[in-house]
Amino acid sequence: MTVSMPHIKLYEHWESTWANVPKLAQFELGYKKENVEWISIELLKGGNFDPKFLKVNPNGTLPALQVDGRNFVDSITSTRELIRLAPLPCPASGTFDVGLIEKVHEVGNIQGLSIDEAEHKEKSSGLLGDFFAERQVALENLIQMAPTEYQEFLTQKRAENQQMFDFYCGSPDSTTREAHYNQCRSAWNAVGALIRGPITDALKNTKGPFAAGEHPGEADFHVVTWLARTISNAGVSPNSPSSVAILKLKDRTGGDSYDPVIAKYWDAWIVRPSFKESNVD
């Protein structure tokens with residue numbers, strides 16, 4: 001007896017780091033493209049704060065997954081639901097995998113930070129500056145039009161965005177800039193500690209190139225998505241081989257060497273069709 005696939009909607013955006021986790025999992029788990037409907041939410045225009053989307057995900061974050069009317073509002077629960085429904089089995093997760101996923105999300109994406117004056121100038125005149133400027137306008141408009149129930153939430157988000165808008169689109173003083181750069185340096189140190197510590201430990205205690213072994217598992221979907229965006233944040237194309245990508249990442253995270261398992265892990269991922277089809281970066 002054939003069990004029909006439920007109606008699955010994935011709310012995503014190409015610029016969202018964590019939305020790439022379920023996208024990558026989709027292809028690794030044997031889903032066809034038509035099995036999951038991708039709905040792009042325009043982050044630059046504040047689409048994630050539109051009341052229509054907030055009904056799906058009250059957090060206003062991506063990804064969000066809808067399965068036959070049930071909502072999953074983060075990358076962890078969304079990916080686990082895809083694993084549960086998957087046409088192909090996923091290697092079983094253990095306590096260690098859950099801990100690794102938590103550590104990756106704790107360090108998070110540092111795309112919004114600048115390490116020095118040169119990077120601040122580059123980001124201010126690029127996509128990041130446009131992002132905070134456009135989003136501030138979008139939030140102002142949404143506050144004017146949104147139902148009362150969303151006013152407090154949107155006002156809070158406007159205040160949060162205002163800080164980044166002022167930094168990238170305004171003229172922050174030297175004290176503010178230096179505090180920001182120190183925060184960024186600390187964040188990069190945390191990246192290095194995660195790679196040299198828990199991620200390396202996971203890869204050295206497995207029988208294959210992936211944390212789950214010969215085939216990627218749940219933790220891998222989060223780790224490589226985070227790693228790819230972190231490599232992009234370091235200024236390297238995410239499809240670059242380890243000889244380029246990991247070398248640059250090493251320099252950004254204090255200069256200490258990485259265990260060879262990190263390069264092996266990266267090179268194993270960038271050749272996989274799932275990595276290319278989901279546009280992980």
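The values are calculated or read from the model by the stated rules, or taken from the named source; none is laboratory data. Computed from a prediction, not measured in an experiment: that's the story for all the values here. Every residue, glycine among them, receives a Cβ derived from its backbone with ideal geometry; neighbour counts consider all protein chains shown.
If we keep just the residues of region 142-166 that are surrounded by 13 or more Cβ atoms within 10 Å (Cβ to Cβ) and touching a residue at least 40 places away in the same chain (Cβ under 8 Å), which is nearest to L113 (Cα to Cα)? Checking each candidate, the answer is M164.
Can you tell which of L128, L100 is among the aliphatic types (A, V, I, L, M), under 22 Å from V191 (Cα atoms) and in contact with a Pro (Cβ under 8 Å, 6 or more places away or on another chain)? Please lay out each step first, then the result.
On the way: L128 fails: in contact with a Pro (Cβ under 8 Å, 6 or more places away or on another chain).
Being among the aliphatic types (A, V, I, L, M), under 22 Å from V191 (Cα atoms) and in contact with a Pro (Cβ under 8 Å, 6 or more places away or on another chain) holds for just one of L128, L100, which is L100.
I'm checking my understanding of the structure. Among residues of region 252-281 that are of a type in the set (S, T, Y) and more than 15 Å from N239 (Cα to Cα), which one is surrounded by the fewest Cβ atoms within 10 Å (Cβ to Cβ)?
Applying the first criterion (of a type in the set (S, T, Y)) to region 252-281 yields 253, 257-258, 265, 274, 278.
Restricting the remaining residues to those that are more than 15 Å from N239 (Cα to Cα) gives 253, 257-258.
Working: T253: 21, S257: 10, Y258: 20.
Only one residue tops the list, namely S257.
Scan region 118-138 and tell me whether some residue there is at pLDDT below 95, loosely packed, with under 14 Cβ neighbours inside 10 Å and either assigned to a helix (DSSP H, G or I) or on the phi > 0 side of the Ramachandran plot (or both). The answer is yes, given that some residue of region 118-138 is at pLDDT below 95, loosely packed, with under 14 Cβ neighbours inside 10 Å and either assigned to a helix (DSSP H, G or I) or on the phi > 0 side of the Ramachandran plot (or both).
Could you grab me the full set of residues in region 256-278 that are more than 18 Å from P198 (Cβ to Cβ) and touching a helix residue (DSSP H, G or I) at 6+ places or on another chain (Cβ under 6 Å)? Spell out how you get there, then give the answer.
Start the filter on region 256-278 by keeping residues that are more than 18 Å from P198 (Cβ to Cβ), which leaves 267-268, 270-278.
Passing the criteria: D267, S274, F275, E277, S278.
Scoring P172 on the criteria (1) under 21 Å from E119 (Cβ atoms); (2) in a helix (DSSP H, G or I) leaves a single failure, condition (2).
Taken together, T206, T200 contain a single residue that is surrounded by 14 or more Cβ atoms within 10 Å (Cβ to Cβ), among the β-branched types (V, I, T), out of contact with any His (no Cβ under 6 Å at 6 or more places or on another chain) and not in a helix (DSSP H, G or I), which is T206. Within region 209-233, the residues that satisfy the criterion of being surrounded by fewer than 18 Cβ atoms within 10 Å (Cβ to Cβ) and in contact with a Ser or Thr (Cβ under 9 Å, 6 or more places away or on another chain) are G213, E214.
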